[in-house]
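This report concerns only the one structure given below.
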């Protein structure tokens, strides 16, 4: 492992610890707020707002009931009506949150695996990798063979491409695009010459379509140097995405988002449960008094509205 690789690993580890530290601090503050909020609700510091909510809900609901000549209902009746709807909504929200968290974790694992495997994803006999340079993006006008043989399979920089495993030299033809490794760096270039050396070994010379000539270390490659052959698959969007999520900031951002979303969802659920408990308690303590006043108010309002309608007629 080279010094640059070690430096990259150190940077990744340090970055992960820093961002996880920040996530932990923010989550602690969020839970501290949640704990304080639950205490506020439990000991009645928000009862005025909750009582107003009960009254407003009862008034709106029973006003509709009166207009339809239906029976007046209590707040507990309202809760019973809405319970099934609320439960279904919470189930949907929990499922959505779970799917998002699972998706973020899958992205995190993919990015980390991609990075650990030197920017390669192995699926069966095919390797998927991103092209980080523009050496195969355009046709250099000095490379006449590209025009002569109508070779239009150039690869856009940052695209994700597929590389199939090759079993023997018979799988390689002139102008195929091959992947080989040099100093732990994977390079994907085109075969521009195939010949035999004095020992009878087949020698391959490769060159990037955008380059005016071959690199010094790709003029005499042998079959053992090759990882595989480009199969024609390339996806720019996936390549850019993988390039980001396998970077330090990408890995950290995705992991931090998943952790924070999970903890925030859990904390919000605790606050909502405390609200429900307090609302039911208030409805139990004040139902008779509040409902009698509300019924009188609504009936008087309904009688007045009926009288006004008769007068207008």
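Taking 0.36 nm per residue of separation and subtracting the Cα-Cα distance, what length does fully extending residue 268 through residue 199 add? Numbers along the way, then the final one.
Working: separation 69, 0.36 × 69 = 24.84 nm, distance 7.30 nm.
So the chain would gain 17.5 nm between residue 268 and residue 199.
If each of residue 247 and residue 20 carries a label point 7 Å out from its Cα toward its Cβ, how far apart are those two points in nm?
2.2 nm
Looking at the P(r) of the stretch 156-198, how many percent of alpha-carbon pairs lie beyond 13 Å?
Working: 598 of 903 pairs.
Of all Cα-Cα distances in the stretch 156-198, 66 percent exceed 13 Å.
Normalising by the residue count of the stretch 120-245, find the relative contact order in percent from Cα pairs under 8 Å and 6+ residues apart. Walk me through the intermediate numbers first.
Numbers: 252 pairs, mean separation 38.9, N = 126.
Relative contact order of the stretch 120-245: 31 percent.
Please say if the stretch 120-245 is rounded, prolate or oblate, where rounded means a/c under 1.5 for a ≥ b ≥ c the square roots of the C-alpha gyration tensor eigenvalues, and otherwise the choice is prolate for a/b larger than b/c and oblate otherwise?
On the way: a/c = 1.81, a/b = 1.28, b/c = 1.42.
Note, shape of the stretch 120-245 comes out oblate.
Could you give the length gained on full extension between residue 134 and residue 29, defined as 0.36 nm per residue of separation minus the Cα-Cα distance, in nm?
Details: separation 105, 0.36 × 105 = 37.80 nm, distance 4.60 nm.
Net length gain for the segment: 33.2 nm.
What whole number of Å gives the distance from the Cα centroid of the stretch 152-182 to the Cα centroid of the stretch 216-271?
If we compute the Cα centre of each part, the gap is 21 Å.
Can you tell me the FRET efficiency between residue 73 and residue 276 if r is taken as the Cβ-Cβ distance and R0 is 22 Å, rounded to the nearest 0.05?
Values: r = 18 Å, r/R0 = 0.83.
For residue 73 and residue 276, the calculated efficiency is 0.75.
Every number here is computed from the coordinates shown, using simple stated rules; none is lab data. Predicted model only: the values in this text are computed from it and were never measured. Glycine gets a Cβ as well: all are built from the backbone with ideal geometry, and neighbour counts include every protein chain shown.
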